[in-house]
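Notes to accompany the following structure.
The values are calculated or read from the model by the stated rules, or taken from the named source; none is laboratory data. Just so it is clear, the model here is predicted, and its values are computed rather than measured. Using ideal geometry, Cβ is built from the backbone for each residue, glycine included, and neighbour counts are taken over all protein chains shown. Side chains are part of the model used for accessible areas, which takes the heavy atoms of the whole protein and leaves out ligands, DNA and RNA. Shrake-Rupley method; radii C 1.70, N 1.55, O 1.52, S 1.80 Å.
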Amino acid sequence: QVHLVESGGGLVQAGGSLRLACAVSGRTSSRYAMGWFRQAPGKEREFVASVRWEAGITYYADSVKGRFTISRDNARNSMYLQMNSLRPEDTAVYYCAARAGPVYSDYRLYDYWGQGTQVTVSS
């Protein structure tokens, strides 16, 4: 079992920055893939970014490429999402997720989820 806890959400003006953190505990493995997803009201959950934990290879949705950076800290068992140049359309609940095996952008393939953290970007 893997336990994930997000933190760092909040309210920010357009153009501002936020840094989300995901604390990972439990039965983890270097073969895990980790990801950030988001869900806006009335919309389906969507892929934001992911990282292959052991190799550190990262992937991004086109909508956040160049603005968001995903990273992980092996020593602290944590994953981060640095969000810059935020836009009102980035407003959503952000979730971290984990799965054993390869990275995928389909949220339905992830087995473990945090409780989510709200990010609100005002115009």
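Taking only protein heavy atoms into account and a 1.4 Å probe, give the accessible area per residue of the chain in Å².
Values: 6420 Å² over 123 residues.
In whole numbers, the chain has 52 Å² accessible per residue.
Applying 1/(1 + (r/R0)^6) with R0 = 35 Å to the Cβ-Cβ distance of Ser17 and Ala55 gives a FRET efficiency near 0.85.
Would you mind counting up the charge near Ile70? Only other residues with Cβ under 14 Å from its Cβ, with Lys and Arg at +1 and Asp and Glu at -1. Provide the component values of the computation, followed by the final result.
Working: positive: Arg19, Arg38, Arg52, Lys65, Arg67, Arg72; negative: Glu6, Asp73.
Residues near Ile70 contribute +4 overall.
The Cα-based radius of gyration and maximum Cα-Cα distance (Dmax) for the stretch 1-77 are 13.4, 38 Å.
Pulled fully out, how much extra length does the chain show between Ala75 and Ala100, if you take 0.36 nm times their separation in residues and subtract their Cα-Cα distance?
Numbers: separation 25, 0.36 × 25 = 9.00 nm, distance 1.93 nm.
Separation in residues times 0.36 nm, less the Cα-Cα distance, equals 7.1 nm.
Full extension of the chain between Asp111 and Gln1 gives 38.7 nm of extra length, using 0.36 nm per residue less the Cα-Cα distance. The slack between Ser123 and Asp62, meaning 0.36 nm per residue of separation minus the straight C-alpha distance, is 19.8 nm.
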